[in-house]
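Trainee: One structure is given below, represented as structure tokens, and several questions about it will come after.
The values are calculated or read from the model by the stated rules, or taken from the named source; none is laboratory data. It should be emphasised that the depicted structure is a prediction, and the values quoted were computed from it without experimental measurement. Using ideal geometry, Cβ is built from the backbone for each residue, glycine included, and neighbour counts are taken over all protein chains shown.
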Amino acid sequence: MDDKSGAEYWRRNVKLVLTLLVIWFVVSYGFGILFVDALNTITFAGFQLGFWFAQQGSIYVFAILIFVYVRQMNKLDREFNVREDE
Amino acid sequence: MDLTTLTYIAVGLSFALYIGIAIWAKASTTGEFYVAGSGVNPVVNGMATAADWMSAASFISMAGLIAFLGYGGSVYLMGWTGGYCLLAMLLAPYLRKYGKFTVPEFIGDRFYSRTARIVAVVCLIFISFTYVAGQMRGVGIVFSRFLEVDILTGLIIGMGIVFIYAVLGGMKGVTYTQVAQYCVLIVAYTVPAIFIAFQLTGNPIPQLAFGSTVNGTGDFMLERLNQVVTELGFLEYTTTSKSTIDIFAITLALMVGTAGLPHVIVRFFTVPKVRDARSSAGWALVFIAILYTTAPAVGAMARLNLTQTVQTGPVGAEDGNLVFEQRPDWMKRWESTGLLSFEDKNGDGKIQYYNDANAEFAAKAEQYGWKGNELKVDNDIMVLANPEIAQLPNWVIALVAAGGIAAALSTAAGLLLVISSSISHDLLKSTFTPDMTEKQELLTGRIAAAVAIGIAGYLGYNPPGFVAQVVAFAFGLAAASLFPVIIMGIFSKKINREGAIAGMLTGLVFTMGYIITYKGVFIAPILPNTAEYWLLGISPEGIGAVGMVLNFAVAFAVSKVTAEPPQRIQDMVEHIRVPKGAGAAIDH
């Protein structure tokens, strides 16, 4: 891999991670902490929404985010031909 | 069969399994001893990581903590799961690509400095020993409660088991026993939760029961809970008395601390490929989430069950409280452990359980003829007594005992292993006696593991005052010292030796100093541990977040005014950023 595509690979990697971490931040620190009172005025399925994000929802989202990251990175690795053993 | 016999059988079988695995997975090279030969399947590693990560505190104490903290308990739920996103995206793949054995080794190489490596070893040992002392204590307590032996005997048995599989099997043995331990602990945790959920709401899935209506009524469980606890003067369940900034800081410190804990990071050195390190973190979180999404449901259901068991009718009514002589059997049984105690302050033979620290409600209670809260309940009881509260058969109780021991042992073994790797690999092999053969290094690793077990056992039996503050300490230090330098080492080419060392020391000294000021470790606290004396309103539990920011800031500033890292280091950073070309973790 030459320097130019190396830099591009890294740029796209960092961009993906930042995007996912913004979501990570919003569901936990945003919905679960900073805006919890506002969201708690909404109830659904027996939960106040802010409380649900703090004790359930954020954890589900965290797990989904990692698998999205895995998928996208595998795609990126293939695109730039930096996947191991291939 | 009686409960004690069943418990002995359950615990005995689980021990036989662990020892069998240890004999099968005996480590014969340093690569196997330190990183299981880097041949662990990512899903299997995810399971091992989950057991490594979920300690006695997660298994025994967390649901109880949440039961009494309500929304405030969210800091543990988010804080102890969110770090896996950071691990997956910011650390694990790159450290796996680097392909060495220990965390200090990466720090020492990346910052071309033996001093940096030794500072990292000191951080690691401090973090891991504080943490492991709590685990050994947990082992002793579970033994003494369920098997009716004293804490010392329990500790010695626990140490013996860990000794066999950690010393013999190294990382390879620990990995596969952790998989078995995960299976034991998750079954032990979820089975009682499912039964209780079903009994209370008719929905057997705890995560859903949490939001369902209470059996026979149209009330949602959380609404009912808010109502019954506020009627007794407690804070509404879905709110907290903590300030938003403190909740924010504690969650951040726990998340970042998780990602900076050496015994967790090192688990990602054991998988074959960079892409496995990424997916393994995802699997780890899935396995952890099974327990972590059940725990808040267990907490809420237990709080509701407990409150309604004691407050049988309307608050203040003549016959609204449980008559002491008619209390359920599980209460009698747990009284003998001292985890539950009743004092009939007003001499009416009934149990009053309310918040007497709430002045407004206490005044009302006086009119009812109540003379203070009469029931004391330890957090830990919520999980341990769950099967009895739900009137489940004895084998479930025996399973919970085996699960609690599995949770404590798996974490203790992981911690002991990183301590011994650091001593044999980072200190002896690389710093003091570099001409050791592999055989000698392997032997040294085993001796270090044995000594570490001894010290951990001693600390578990004679806990120094700070063991109760383990959470604040271990996580705060990991967040403020190791995490930032690893991240900077990967994501910046310009951070140099001077910056990293200054950053680590700043984070370490600041965080330790802050915790000691308010919690008083070894010395008396210097300032009272209340919000008005805290910096920015952040409690010692959350201060690691500030330490982390300071670490980053100092490292950047110092790196700016000192010489850039040499070209070969910048090339190395380029190299770890791409997956291709990663080999097995080899000695070098």
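Trainee: Say whether the condition of being at the interface with another protein chain (Cβ under 7 Å from one of its Cβ atoms) and closer than 19 Å to B:Lys97 by Cα is met by at least one residue in segment A:47-62.
Mentor: No, because not a single residue in segment A:47-62 is at the interface with another protein chain (Cβ under 7 Å from one of its Cβ atoms) and closer than 19 Å to B:Lys97 by Cα.
Trainee: Oh, and also: Go through the residues of segment B:559-581 one by one and say whether even a single one is within 14 Å of chain A (Cβ to nearest Cβ), farther than 18 Å from B:Ala479 by Cα and modelled with pLDDT under 80.
Mentor: yes
Let's see how each residue does on (1) under 20 Å from A:Gly32 (Cβ atoms); (2) assigned to a helix (DSSP H, G or I); (3) more than 10 Å from chain A (Cβ to nearest Cβ); (4) free of Cβ contacts under 8 Å to residues at least 12 places away in the same chain:
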site	(1), (2), (3), (4)
B:Ala67	yes, yes, yes, no
B:Leu77	yes, yes, no, no
B:Lys100	no, no, yes, no
B:Ile118	no, yes, yes, no
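Trainee: Still on this structure, I have one more. Can you tell me which residue in segment B:91-119 is modelled with the lowest pLDDT, limited to those that are hydrophobic (A, V, I, L, M, F, W, C) and more than 21 Å from the chain's Cα centre (by Cα)?
Mentor: Here the answer is B:Phe101.
Trainee: Now a separate question. Taking the stated definitions as given, is A:Val14 over 11 Å from the mean Cα position of the chain (by Cα), modelled with pLDDT under 90 and facing chain B (nearest Cβ under 10 Å)?
Mentor: Answer is no for this residue.
Trainee: Is one or more of the residues making up segment B:418-433 more than 30 Å from B:Phe552 (Cα to Cα) and modelled with pLDDT of 80 or more?
Mentor: no
Trainee: From B:Ala277, B:Ala281, which residue is in contact with a Lys or Arg (Cβ under 6 Å, 6 or more places away or on another chain), within 12 Å of chain A (Cβ to nearest Cβ) and in a helix (DSSP H, G or I)?
Mentor: That would be B:Ala277, the only listed residue that is in contact with a Lys or Arg (Cβ under 6 Å, 6 or more places away or on another chain), within 12 Å of chain A (Cβ to nearest Cβ) and in a helix (DSSP H, G or I).
Trainee: Sticking with this one: Restricting to segment B:518-568, count the residues that are over 19 Å from B:Cys123 (Cα atoms) and acidic (Asp, Glu).
Mentor: Matching residues across segment B:518-568 total 2.
Trainee: Looking at B:Leu443, B:Leu477, which one is in a helix (DSSP H, G or I), out of contact with any helix residue (DSSP H, G or I) (no Cβ under 7 Å at 6 or more places or on another chain) and aliphatic (A, V, I, L, M)?
Mentor: B:Leu443
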